1. Give me the extension gain from residue 89 to residue 187: residue separation times 0.36 nm, minus the current Cα-Cα distance, reported in nm with one decimal.
2. DSSP H helices in the chain with Cα extent of 15 Å or more along the helix axis and mean Kyte-Doolittle hydropathy at least 0.5?
3. With charges set only on the Cβ (+1 for Lys and Arg, -1 for Asp and Glu), what does the dipole of segment 78-201 come to about its Cα centre, in debye to the nearest 20?
4. Among rounded, prolate and oblate, which fits segment 41-185 when a ≥ b ≥ c are the square roots of the eigenvalues of its C-alpha gyration tensor, a/c under 1.5 means rounded, and a/b larger than b/c means prolate?
5. Okay, helix-only estimate at 222 nm for the chain: each DSSP H run of n ≥ 4 adds -39500 (n - 2.57), divide by all residues, round to 500 deg cm²/dmol; what do you get?
6. Local charge sum around residue 287 (other residues, Cβ-Cβ under 10 Å, Lys/Arg +1, Asp/Glu -1)?
7. Determine the dipole magnitude for the chain: charges of +1 sit on the beta-carbon of Lys and Arg, -1 on that of Asp and Glu, nothing else is charged, the reference point is the Cα centre, and the result goes in debye to the nearest 20.
8. So for the pair residue 7, residue 133, with labels modelled 7 Å out along Cα→Cβ, what separation do we get in nm?
Amino acid sequence: MTIIDGKAISGQVKQEIAAEVAQIVAAGGKRPHLAAILVGHDGGSETYVANKVKACEECGFKSTLIRYEDDVTEEELLDKVRQLNADDDVDGFIVQLPLPKHISEQKVIETIDYRKDVDGFHPINVGRMSIGLPCYISATPNGILELLRRYNIETQGKKCVILGRSNIVGKPMAMLMMQKAWPGDATVTVCHSHSKNLVQECKEADIIIAAMGQPNFVKADMVKDGAVIVDVGTTRVPDASKKSGFKLTGDVKFDEVAPKCSFITPVPGGVGPMTIVSLMKNTLLAGKKAIYK
Ligand code: GUN
């Protein structure tokens, strides 16, 4: 059994990006610039955005953080998005989700110029991804692909069960795992809250990608010997023994499932660190105008 070390791989990828940025800048090129919009003070979002800014520094990128209070109007936010679309110095930008209820996330996403949509959330990027065209691929699915690649994990012809059908993880992951490519070429099943035979599907899976946000849902008796387990769960479960007051908990009961697996990602330290690195990779592509001119 191999524990997939997302932290180590993410460190390697950041070093690779930093080396390429140093070359670009030494050759007189432009330093990639990522902007992030953060609305309000949600604890999770604050942490994610702070980590994104820190990763930009590690990669040698310029970063700009734009903050609004919870009561920002939709029009104010959309105006800022349009301003960033038009700003030639900004190569790519993100609007951290979730947004307050009075703002339409979909409207915001669709107002972002798809050529700067390094989150890969715009319908043009989602559509292009689904038919295998060059695009920005959203961070979590792309981070998982990178882990499968770096650990040389075979996916062709394998039965891959995805738990969860979110627009950010489950749906794009399903598209990517069925793509004519490696990683990909898998037989994909997506299970969700209305699936009737979820446990049986899991028992037959060569690869399980758990992204439903239910702590410790996947148990040892749901997993076949030698399976590959990717745990996307990051639920904050209260834990008085932690300084933060919570324990980041995955969708997989790691201690009992791990001994049965060929490969497994831990939480934390598996998929999580790769998500931010994927955003950095997209920002580098944006800086190089590698996908869209
Ligand atoms: N909220 C949770 N994950 C993400 C992400 O990948 N991008 C953005 N913009 N918001 C998020």
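1. Going from the current span to full extension adds 31.0 nm.
2. Those that pass (Cα extent of 15 Å or more, hydropathy at least 0.5) are 271-287.
3. With only Lys, Arg, Asp and Glu charged at Cβ, the dipole is about 580 debye.
4. Numbers: a/c = 1.91, a/b = 1.75, b/c = 1.09.
Prolate shape, in that a/c is at least 1.5 and a/b is the bigger ratio.
5. One gets -12000 deg cm²/dmol as the mean residue ellipticity at 222 nm.
6. Cβ neighbours under 10 Å give a net charge of +3.
7. Values: 36 positive and 36 negative charges, 129 e Å.
It comes to approximately 620 debye.
8. Between residue 7 and residue 133, the simple spin-label model gives 4.1 nm.
The values are calculated or read from the model by the stated rules, or taken from the named source; none is laboratory data. All values reported here derive from a predicted model rather than from experimental measurement. Glycine also receives a Cβ, built like all others from the backbone with ideal geometry; neighbour counts cover every protein chain displayed. For accessibility, only protein heavy atoms count, side chains too; no ligands or nucleic acids. Shrake-Rupley method; radii C 1.70, N 1.55, O 1.52, S 1.80 Å.
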